[in-house]
Amino acid sequence: MALIALVGASEMLPDGGLRALVAIAGETLIERQAARLADVGVTHIAVAVAAVPADLLATCDRIRRRGMNVTPVREASDLMALVEGDDRIILVADGLRAGSAHYAAIAKPGSPAILVTADTLLTQGFERIDATRRWGGLACISDAMVRDLANMPGEWDVMLTLLRMAVQTGARRLYCEPALFEQGDIAIVTDRPTAALIEQSSLQQVDYGGMGLGRSAIMMPLIRLAGPLLVRSPKTARYLPYVTALLWIGVALLAASGLAAAGALVAVLGGLCLAAMRFLASFRAQSAAHDRVRAIIRSFAWLLLAAFPWLLSLGGAAHAMPRFSEAALAPCLAATILLARLLYEDAGEKRRFHWLLPDADQAWIMLAPALVFGVAPLMFAILPLLALFQILLWMRLARRPEAK
């Protein structure tokens, strides 16, 4: 049993373009839909089209390069050729922008299901399914429905007819709160001004803080200033992981060459790039692979912090062992930051004052000037103690009852 998606890409904008190709934050709607579908296990997308213009072909090629099979379909018989017994088909409305939680909910195993919402002013772009409910833009149907439609004589709108069949057969209804439409968490993009409003709203609402004083107080505020420029260029998301990885490899090479201060300064830039990756992952529909790449780079950066004094000893003339204050305390500092990360993740939904915790960004920002002015041993002695103090302060504040 496989998951297949049928994505609408035939509705036109007032200016003559396709809804599916509207770009929000440098990413077309259909590419965002493909990334969300990939995260819930879909490997093959059928794109419901009336015609296949060159820009849609180019977009489908980009989706294929990310490992997803894409097939244009015009009739139910085209879709039937892709479906095997017991397959489930996810319907995605033309121009839909929705969060990962909605895709995950509709993709859960079970009987056919439809995402529904209330009939309000903000949901007029969605198909009505009864007197008080409208379609929420996602549905999961069975292969039997596709087979029945393929056997019906005449020409039918594949997407809407399958939706009607799901409604008539009593598919489960998953309710979506109208407040999510007010916040822009889920919407049908009908024109470019609507897309611009969604992009602006998303930039204001996106949560990209996370753990750590260095990232929350320094890195992320800087990234936020450049946020609109970062998200509007698709090349940024494509090449940023490579640039970030090269920067951290450069840190290791500079340290092994004896250029300690230069290595620490490049590490600060590397931390800024990691923060930018985190920002893009929160704002755009990156695939799960992007999150894994960021986690690998972050782990490598953490290991570099622990081994930094030993790398410096490789670049010295005598290749002597580093001082105890550096050789022993650098791993202690890295271990303390790892402890802070584990405590933060264990806190779950009760995370408070997370910006107080120590992180690698804070350590590199403080180490860089210390290495420039030759007081690195003192800084390596201070940083673990400071990190422990921050953890104790966080534990005390986080456990205090919230003010009512």
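For the condition in contact (Cβ under 8 Å) with a residue 24 or more places away in the chain, out of contact with any Lys or Arg (no Cβ under 7 Å at 6 or more places or on another chain) and over 16 Å from R298 (Cβ atoms), what is the one hit in P377, P331, P369? Quick ask: steps written out before the conclusion?
Working: P377 fails: out of contact with any Lys or Arg (no Cβ under 7 Å at 6 or more places or on another chain); P369 fails: in contact (Cβ under 8 Å) with a residue 24 or more places away in the chain.
Going through P377, P331, P369 in turn, just one is in contact (Cβ under 8 Å) with a residue 24 or more places away in the chain, out of contact with any Lys or Arg (no Cβ under 7 Å at 6 or more places or on another chain) and over 16 Å from R298 (Cβ atoms): P331.
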Q. Out of L115, L122, which single residue is crowded, with 16+ Cβ neighbours inside 10 Å and either part of a loop (DSSP other than H, G, I, E, B) or touching a His at 6+ places or on another chain (Cβ under 9 Å) (or both)?
A. L115
**Q.** Single residue of region 6-42 satisfying the filter (more than 22 Å from A237 (Cβ to Cβ) and out of contact with any Asp or Glu (no Cβ under 9 Å at 6 or more places or on another chain)) that is modelled with the lowest pLDDT
**A.** G16
Q) In region 126-135, which residues are modelled with pLDDT under 90 and either within 26 Å of the chain's Cα centre (by Cα) or of a type in the set (A, V, I, L, M) (or both)? A) F126, I129, A131
Q: Filter region 58-96 down to the residues that are assigned to a helix (DSSP H, G or I), in contact (Cβ under 8 Å) with a residue 40 or more places away in the chain and more than 14 Å from V7 (Cβ to Cβ), then identify the one that is farthest from the chain's Cα centre (by Cα).
A: S77
Q: Just one of (1) under 30 Å from N151 (Cα atoms); (2) in contact (Cβ under 8 Å) with a residue 24 or more places away in the chain trips up P109, so point out which.
A: (2)
Q.
For region 36-57, which positions are farther than 21 Å from P112 by Cα, touching a helix residue (DSSP H, G or I) at 6+ places or on another chain (Cβ under 9 Å) and in a helix (DSSP H, G or I)?
A. D55, L56
Q | Residue count, region 6-23 (criterion: within 20 Å of the chain's Cα centre (by Cα) and either closer than 19 Å to A101 by Cα or assigned to a loop (DSSP other than H, G, I, E, B) (or both)) | A | 1
Q: Please name all residue pairs, on different chains or six or more residues apart, with Cβ atoms under 7 Å, provided the first residue is in region 23-34 and is farther than 13 Å from Q200 by Cα and the second residue is in a strand (DSSP E or B).
A: L29/R97; I30/V7; R32/R97; Q33/V7; Q33/V92; Q33/L96; A34/I45
Q: Provide a single number: the residues in region 269-303 that are out of contact with any His (no Cβ under 7 Å at 6 or more places or on another chain), surrounded by 15 or more Cβ atoms within 10 Å (Cβ to Cβ), aliphatic (A, V, I, L, M) and at pLDDT below 85.
A: 2
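The values are calculated or read from the model by the stated rules, or taken from the named source; none is laboratory data. Note that this is a predicted model, so its numbers are computed, not measured. Heads up, the Cβs are rebuilt from the backbone with ideal geometry, glycines too, and the neighbour counts pull from every protein chain shown.
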